[in-house]
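Novice: I have a structure I would like to understand better, so I am pasting it below and will then ask my questions one at a time.
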């Protein structure tokens, strides 16, 4: 039996943790968005991958949702004293991850090899796969011109109005071969699209050659969880971006965004009326994940929503 999840950072990692805890741990493969990856201070940084690593290893920061627990900030303070760039926060423990990844990439290892080893070192028995070992970069055309993702999201705090989003080099990149193999596997039971931002976290994965075709062709049902509850995004700029792109804000709009690949949709009970006429099977649940119990409960709902026995 295998379960495949597509995930971005904080919201996706919450459900990924729930899946990891209720499944046999080796049954889970999580494909992580790398469109957010960038180079900063000479380091290769993979925010969504690292959030998944720390969350599944149980060393994530519960207050921020990103970074490591018990983090200290000596490096950032010293950098600021030298007049360095401090808009992107790198904690002392988190810095070790970036330095080791950068060193090994420079030595010729692939990102997949490095993350696989990080999982082993951190005691994670699920697989975390970068969506590609080739660089794909999410860029946004805004009222201020083109911005790289981290400039938009962190430096500018998602303030500029978004006119368009592109996934630079996605068409030339190769999807992770283990990802495509998992999609085609005979024992694949379910594909889960985690409640991550559809445009910034999931679409970069779907933009890779062969991924949409693989999702349409796979024998397992594709189940998406809504990142919208009662017309509001749980976290991040999802609702803001939907408005700026001329889309209705709501759980139904997200389901329609995934219409060509979706078999079942899991939405919050607050959106019962909105999703009633989608034309695909809908499972209603409490989707806000505030506690570990919430994460596990939603994972069980997702796993059983397609009629599979788990």
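Novice: To the nearest Å, what is the center-to-center distance of region 27-49 and region 241-296, using C-alpha atoms only?
Specialist: Cα centres, region 27-49 to region 241-296: 26 Å.
Novice: So what is the calculated 222 nm ellipticity per residue for the chain, using -39500 (n - 2.57) for each DSSP H run with n of 4 or more, over all residues, to the nearest 500 deg cm²/dmol?
Specialist: -9500 deg cm²/dmol
Novice: Kindly provide the Kirkwood hydrodynamic radius of region 1-74 in Å, to one decimal, from all pairs of distinct alpha carbon atoms.
Specialist: It is 13.0 Å.
Novice: By DSSP, what percent of the beta bridges with both residues in region 157-288 are antiparallel, rounded to the nearest 5?
Specialist: So the antiparallel bridges in region 157-288 amount to around 15 percent.
Novice: OK, next. Have a look at region 163-310 and give its Rg and Dmax from the Cα atoms, expressed in angstrom.
Specialist: Rg then Dmax for region 163-310, in Å: 15.3, 43.
Novice: Another one. Can you sort 66, 73 by how many other beta carbons sit within 10 Å, fewest first?
Specialist: 73, 66
Novice: Compactness ratio of the chain: Cα Rg over 2.2 N^0.38 Å, N = residue count?
Specialist: 0.96
Novice: How many percent of DSSP beta bridges within the chain run antiparallel, rounded to 5?
Specialist: 40
Novice: Taking the Cα atoms only, what angle lies between the long axis of helix 47-57 and the longest principal axis of the chain, rounded to 10 degrees?
Specialist: 70
Novice: Then there's this: Fewest first, what order do 278, 90 take by the number of other Cβ atoms within 10 Å?
Specialist: Listed from fewest to most nearby Cβ atoms, that is 278, 90.
Novice: Quick check on region 1-114: of the DSSP beta bridges with both residues there, what percent are antiparallel, nearest 5%?
Specialist: 45
Novice: For region 214-280, take the convex hull of the Cα atoms, compute a quarter of its surface area, and give me that in nm², please.
Specialist: Taking a quarter of the hull surface, the average projection is 4.8 nm².
Novice: Rounding to the nearest 10 and keeping the result within 0 to 90°, find how far the Cα-based axis of helix 292-304 lies from the longest principal axis of the chain.
Specialist: It is inclined by approximately 50 degrees.
Novice: Further, regarding this structure: Tell me, how many Å apart are the Cα centres for region 91-139 and for region 182-222?
Specialist: Cα centroid to Cα centroid, the span is 21 Å.
Novice: How compact is region 132-225 by the rule of thumb for globular proteins, expressed as Cα Rg over 2.2 N^0.38 Å?
Specialist: 1.23
Novice: Follow-up question, since we're still on this one. Pairing the Cα long axis of helix 92-106 with the longest principal axis of the chain, what angle in degrees results, from 0 to 90 and rounded to the nearest 10?
Specialist: Once rounded, the angle reads 90 degrees.
Any read-out appearing in this document is the output of simple, stated calculations on the displayed coordinates, not a laboratory observation. Please read all numbers here as calculations on a predicted model, not as lab measurements. Note that each Cβ is placed from the backbone with ideal geometry, even for glycine, and that neighbours are counted across all protein chains shown.
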